[in-house]
Amino acid sequence: MPTVMSSTRKVLFVFTSTNKTLTGKDTGWYLPEAAHPYYVLSPHFDVDFAAPKGPNPPVDPSSTELFKDDLRFLDDRTVRSKLANAKKLSDVEADDYAAIFYVGGHGPVIDLPVDPINVKLASDFYRAGKVVAAVCHGPAALVNVVDASGKSIFAGRHATAFSNAEEEQVGKVKDVPFLVEDKIKSLGGIYEAAEPWQPKVVVSGDLITGQNPASAQGIGEAILKNLQK
């Protein structure tokens, strides 16, 4: 692999900058949903981190309690540097990357859908025929993203995300401005889901989505497979 990475060898991970839900509960990005894809992709691609506000995007504390095996991600010296030096979305260009990937957590439902810089960035990736991927609540970041004709990138496409049933089971329906499953359907997406907490990854052209934390490894593998075609 060359020392200087070309755009075809780089992947952008996007994190939320939000640390509170609508009801004031602690939130952020969800640990395994960054850790699992990172360790699938980082041996093959240079991975950059970005968030609306840049450095030190907040991790959801509940995810560090529930997924202690993934704490190695936060202890990884390279990862710690990437988090501490995460780029602001306003400083990122789609031309520099082969793919964009949205890490889940309840935070991304709050800040990323209404961030015009994020919407333009993801639209630029999609219109350039690059991979646009998201897991769990991450697809919420894409609900205002449109193709070159101005149509939602979910319209007529198969996709998944955290299900209504899963949101009800964790008791956080009121913590987010919308349910991601409902939103995808309202945009004309063909929503698919596995049983709650079971892995599910949907590949629809350059749009790749995963349902929940159990899908994080699988979405990393699907992104890798697409980029190695």
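The values are calculated or read from the model by the stated rules, or taken from the named source; none is laboratory data. Remember, it's a predicted structure, so these values are computed and weren't measured experimentally. Glycine also receives a Cβ, built like all others from the backbone with ideal geometry; neighbour counts cover every protein chain displayed. We work out accessible area using only protein heavy atoms, side chains counted, and drop any ligands, DNA or RNA first. Shrake-Rupley method; radii C 1.70, N 1.55, O 1.52, S 1.80 Å.
The charge dipole of the stretch 99-221, taken about its Cα centre with unit charges on the Cβ atoms of Lys, Arg (+1), Asp and Glu (-1) only, comes to about 320 debye. Over the chain, with every protein chain in place, what whole percent of the accessible area is carbon and sulfur at 1.4 Å, could you tell me? Heavy-atom surface of the chain belonging to carbon and sulfur, 1.4 Å probe: 49 percent.
Please give the net charge around Ala216, taking every other residue with its beta carbon less than 11 angstrom from that of Ala216, where Lys and Arg add +1 and Asp and Glu add -1.
Values: positive: none; negative: Glu33, Asp70, Glu221.
It works out to a net charge of -3.
Out of the DSSP beta bridges found with both residues in the chain, what percent are antiparallel (nearest 5)? Bridges in the chain are about 20 percent antiparallel.
Using the charge dipole of the chain (Lys, Arg: +1 at Cβ; Asp, Glu: -1 at Cβ; taken about the Cα centre), state which of Val131, Val40, Asn212 has its Cα farthest towards the positive end. Towards the positive end, the residue furthest out is Val131. Can you return the lysines within cross-link range of Lys20? Criterion is Cα-Cα under 30 Å, with same-chain partners fewer than 8 residues away left out. Filter leaves Lys53, Lys68, Lys82, Lys87, Lys88, Lys120, Lys172, Lys174, Lys183, Lys185, Lys200.
Dipole magnitude for the chain: about 380 debye, using +1 per Lys or Arg Cβ and -1 per Asp or Glu Cβ, origin at the Cα centre. Taking every alpha-carbon pair under 8 Å whose residues sit at least 6 apart, the chain reaches a relative contact order of 22 percent. Taken along the Cα-to-beta-carbon direction at a fixed 7 Å, the label points for Ser149 and Ala165 span 3.3 nm. Mean-square fluctuations from a GNM of the chain, with a 10 angstrom spring cutoff on Cα atoms, peak among His106, His137, His158 at His158. What does the C-alpha gyration tensor say about the overall shape of the stretch 174-219? Classify as rounded when a/c is under 1.5, otherwise prolate if a/b is larger than b/c, or oblate. Taking the square roots of the gyration eigenvalues as a ≥ b ≥ c, the stretch 174-219 is oblate.
So which lysines pass the test for Lys229, namely a Cα distance under 16 Å, with those fewer than 8 places away in the same chain ruled out? Straight-distance partners of Lys229: Lys10, Lys130.
In the chain, a dipole from Cβ-located charges (positive for Lys and Arg, negative for Asp and Glu) runs towards its positive end, and of His158, Ala122, Gly28 it is Ala122 whose Cα lies farthest in that direction. Using Rg/Rh (Cα atoms, Kirkwood Rh) as the read-out, say which of (i) 0.95; (ii) 0.93; (iii) 1.00 was calculated from these coordinates. Read-out taken from this structure: (ii). Remark: the chain carries 42 Å² of accessible area per residue (probe radius 1.4 Å; ligands, DNA and RNA excluded). Here's how it looks for Ile190: its modeled amide H is under 5 Å from those of Gly156, Arg157, His158, Ala159, which are all 5 or more places away or on a different chain.
Taking R0 as 25 Å, what's the FRET efficiency between Ser81 and Asp26 from their Cβ-Cβ distance, rounded to 0.05? Rounded to the nearest 0.05, the efficiency is 0.55. For the stretch 124-189 versus the stretch 5-47, the inter-centroid distance based on Cα atoms is 17 Å.
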